[in-house]
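Structure first, commentary second.
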Amino acid sequence: MKMENDKVPELTNGEFYDFIKEGIVVIDFFAEWCMPCLMMAPVIEDMAEKFKGKIKFGKVNVGDNEDIAQEFEVSSIPNFTILKNGEKIDSFTGAVSAEEFEEKLRGYL
C-alpha cells in the first residue's frame, strides 16, 4: 500500500534527479514497515505546508529505490537529507519533534 499524499510526492528514479536539481529540497527516506517513519509523515506534511514555495519536500521509499538510498549513504531510517541545487548539504536521522524539524529547516533559508 502506497501512502498517497499530494503535499509530499513519493519520488522514484524517474523523477528524483529532476526534483532535487533546483533550490532547497528535503528528502524523507522511509520504509512502510518503519514505525518512526510513519510517525514522521504528518510532521513532514506540516513542514511542506509551512515552507511552501521555499523548500520542496519529497519522499523516497528505500525498499523500492535502493540505489538512491545508497548514493546518499542512507543506513538508517527515517533519514532526512537536505539538498541545495542537487548537492547534499546535511542529513539527520530518527524521529524529531515538529519544532526541532522546523528550527533545523529555518537554518537553510
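The values are calculated or read from the model by the stated rules, or taken from the named source; none is laboratory data. This is a predicted model, so every value here is computed, not measured. Here Cβ is always computed from backbone atoms with ideal geometry, including for glycine, and neighbour counts include all displayed protein chains. Please note that ligands, DNA and RNA were not included when accessible areas were found on the heavy atoms of the full protein model with its side chains. Shrake-Rupley method; radii C 1.70, N 1.55, O 1.52, S 1.80 Å.
Please pick out the residue among Asn85, Asn65 that is at pLDDT 95 or above and exposed (fewer than 12 other Cβ atoms within 10 Å of the Cβ).
Asn85
Mind counting the residues in the stretch 32-60 that are assigned to a loop (DSSP other than H, G, I, E, B) and either open to solvent by 80 Å² or more (accessible area, probe 1.4 Å) or out of contact with any Pro (no Cβ under 9 Å at 6 or more places or on another chain) (or both)?
Counting residues in the stretch 32-60 that are assigned to a loop (DSSP other than H, G, I, E, B) and either open to solvent by 80 Å² or more (accessible area, probe 1.4 Å) or out of contact with any Pro (no Cβ under 9 Å at 6 or more places or on another chain) (or both) gives 6.
Give me the pairs: first residue in the stretch 82-98 and farther than 25 Å from Pro42 by Cβ, second residue among the acidic types (Asp, Glu), beta-carbon distance under 8 Å, and six or more apart or on different chains, which are they?
Asn85/Glu22; Gly86/Glu22
Which residues, taken from the stretch 81-109, are among the aromatic types (Phe, Trp, Tyr) and over 13 Å from the mean Cα position of the chain (by Cα)?
Within the stretch 81-109, just Tyr108 meets the criteria.
Can you go through Phe29, Phe101 and tell me which one is in contact with a Ser or Thr (Cβ under 8 Å, 6 or more places away or on another chain), modelled with pLDDT of 95 or more, of a type in the set (A, V, I, L, M, F, W, C) and not in a loop (DSSP other than H, G, I, E, B)?
Matching residue, one of Phe29, Phe101: Phe29.
Quick check on the stretch 5-18. Is at least one of its residues in contact with a helix residue (DSSP H, G or I) (Cβ under 9 Å, 6 or more places away or on another chain) and among the small types (Gly, Ala, Ser)?
No: zero hits.
Between residues in the stretch 20-32 that are farther than 16 Å from Val62 by Cβ and residues that are part of a helix (DSSP H, G or I) and not small (Gly, Ala, Ser), which pairs lie under 7 Å by C-beta distance while being six or more apart or on different chains?
Val25/Phe19
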